[in-house]
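The values are calculated or read from the model by the stated rules, or taken from the named source; none is laboratory data. Keep in mind that this is a model prediction, so the values were computed, not measured. No Cβ is skipped: glycine too gets one built from the backbone with ideal geometry, and neighbour counts run over all protein chains shown. Note: accessible area is taken over every heavy atom of the protein model, side chains too, but ligands, DNA and RNA are not part of it. Shrake-Rupley method; radii C 1.70, N 1.55, O 1.52, S 1.80 Å.
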Amino acid sequence: MILPKSNHLSPEQLNEVTAIVAEFGCKIQPIEGAVRTIYAIVGDERDELMINRLEGLAYIDRIDRIQSPFKLMDRRSDLANGRLEVGGVTLGTELLVIAGPCTVDPKNPGYLLETAEAVKAAGAHVLRGGVWKPRTNPYTFQGDSKSLDILMEASRRTGLPVVTEVMDEGHVKLALAAGVTLLQVGARNALNYSLLRAIGKTIAGKNKVAVLLKRGLHMGTLNEFILAAEYIASFGNPNVILCPRGTAPALDGYRNYPDESIIPLLKEKTWASVVVDPSHAVGKASYVPACALAAVAYGADGLSIETHVSPSHGIGDDPKQALTPDALARTVAEARKVWELRRSSRG
Ligand code: PEP
Ligand code: MN
């Protein structure tokens with residue numbers, strides 16, 4: 001829908017916009033109000049180039065889109081009927097719980113192996129653990145491929161599927177070869193379109209491999225977030241789970257600006273399941289349980305919670321933000337109550 005700055009387009013202006021949209025196979029239908037006329041774009045109005053050209057005209061106030069810019073992730077797309085299964089949980093029918101340390105310590109595999117057993121006992125369905133770490137400081141621990149073996153050993157021992165972050169195509173290949181079930185795209189890479197494309201292509205057709213896509217730190221609009229998922233889907237794998245994890249700038253006292261309240265808005269736009277990461281949103285273990293419960297109240301389909309048997313011995317974010325397995329068990333039990341409450345009150 002084209003809204004001009006003046007009440008009507010002049011005949012020359014109308015000719016110009018008509019010629020532009022015609023290049024993209026669309027037509028213009030004026031809708032005359034008592035005072036103003038607005039101009040509907042009839043046809044597929046999703047072409048960014050067409051919108052950019054119209055927005056660049058000095059006499060145009062703005063373009064309001066009727067169609068959403070995402071074709072596959074849209075709530076109304078054909079894909080909306082399929083339900084994703086991860087870790088034995090059909091998303092939407094039961095609260096999915098992902099837990100484990102921020103980072104797998106390659107020198108002390110015992111911590112991960114113990115944590116894996118403990119998170120399973122606390123009710124987790126999927127084990128998380130960072131093998132390759134995107135660190136702000138290049139002199140801090142960057143991860144180690146050896147940790148992948150430890151993660152897979154923990155998976156074998158517990159029967160839990162695993163999720164780990166991949167930062168490049170090489171990681172994707174190694175993770176898939178090792179048997180990782182869920183690939184995580186981190187907040188720092190959520191705008192890395194080459195990576196999103198590579199992930200979509202590499203896992204095309206491998207139905208069981210899903211992607212946990214974190215919200216980028218600076219993704220101000222929800223469309224940016226959903227379009228990142230659209231990248232992965234459009235290159236061959238629509239099994240994308242959206243993961244709000246807080247944005248920048250941080251709410252004073254928290255690590256990021258907690259954003260679980262976007263869930264209802266996401267669900268209006270897309271069919272994708274939403275798994276919230278409260279650990280990175282708030283960044284401090286004592287604040288994590290409340291954020292987790294709020295996420296479920298807002299409609300989260302799952303939670304991803306950093307957990308470590310001995311948080312102070314963790315080598316990533318764990319000393320600050322990991323829950324102990326006991327705290328995880330309490331949080332999961334409470335979160336399931338909120339889930340049930342929500343389900344029973346909404347019928
Ligand atoms: C993580 O999950 O440990 C992580 C690095 O997350 P994010 O990309 O959300 O910061
Ligand atoms: Mn972390």
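For the reader, a short list of remarks on this structure follows.
- Angle in degrees between helix 109-121 and the longest Cα principal axis of the chain, rounded to the nearest 10: 70 degrees
- Rounded tilt (10° steps) of 222-234 against the dominant C-alpha axis of the chain: 80 degrees
- Residues of type aspartates and glutamates that Lys284 reaches as a straight line, Cα spacing below 13 Å, ignoring anything fewer than 8 places off in the same chain: Asp252, Glu306, Asp317, Asp318
- Gaussian network model of the chain, Cα within-10 Å springs - most flexible of Asn256, Asn108, Asn223: Asn108
- Highest mean first, the peptides 85-94, 135-144 sorted by other C-beta atoms within 10 Å per residue fall in the order 85-94, 135-144.
- Rounded to whole numbers, the Karplus 3J(HN,Hα) couplings from phi for segment 162-175 are 10, 10, 9, 7, 10, 10, 8, 4, x, 4, 4, 5, 4, 5 Hz, using 6.51 cos²θ - 1.76 cosθ + 1.60 with θ = phi - 60°, and x at Gly and Pro.
- Sequence-separation-based contact order of segment 1-110, relative, with Cα cut under 8 Å and 6+ spacing, percent: 24 percent
- Within a Gaussian network of the chain (alpha carbon springs, distance under 10 Å), most fluctuating of Asn192, Asn239, Asn52: Asn52
- Helix-only arithmetic for the chain: the sum of -39500 (n - 2.57) across DSSP H runs with n ≥ 4, divided by the residue total, places the mean residue ellipticity at 222 nm at -11000 deg cm²/dmol.
- Tensor-based shape of segment 2-65 (alpha-carbon gyration tensor, a/c under 1.5 rounded, otherwise prolate or oblate): prolate
- Per residue accessible area in Å² of the chain, where ligands, DNA and RNA are left out and the probe is 1.4 Å: 45 Å²
- When the chain is described by a simple charge dipole with +1 on each Lys and Arg Cβ and -1 on each Asp and Glu Cβ, the residue from Ala122, Ser273, Ser261 located farthest towards its positive end is Ala122.
- Most fluctuating residue given options Glu45, Glu153, Glu114, as computed from a GNM of the chain linking Cα atoms under 10 Å: Glu45
- Using a cutoff of 8 angstrom between alpha carbon atoms and counting only pairs six or more residues apart, the relative contact order for segment 85-345 works out to 20 percent.
- Using every pair of distinct Cα positions in the chain, the Kirkwood expression returns a hydrodynamic radius of 21.5 angstrom.
- Mean sequence separation of contacting Cα pairs (under 8 Å, at least six apart), scaled by the length of segment 222-347, corresponds to a relative contact order of 19 percent.
- Cβ crowding within 10 Å averaged over residues, with 2-13, 323-334 ranked highest first: 323-334, 2-13
- Within the accessible area of the chain (1.4 Å probe), percent carbon and sulfur: 52 percent
- Net charge of the neighbourhood of Lys71, taken over other residues with C-beta under 11 Å away and scored Lys/Arg +1, Asp/Glu -1, is -2.
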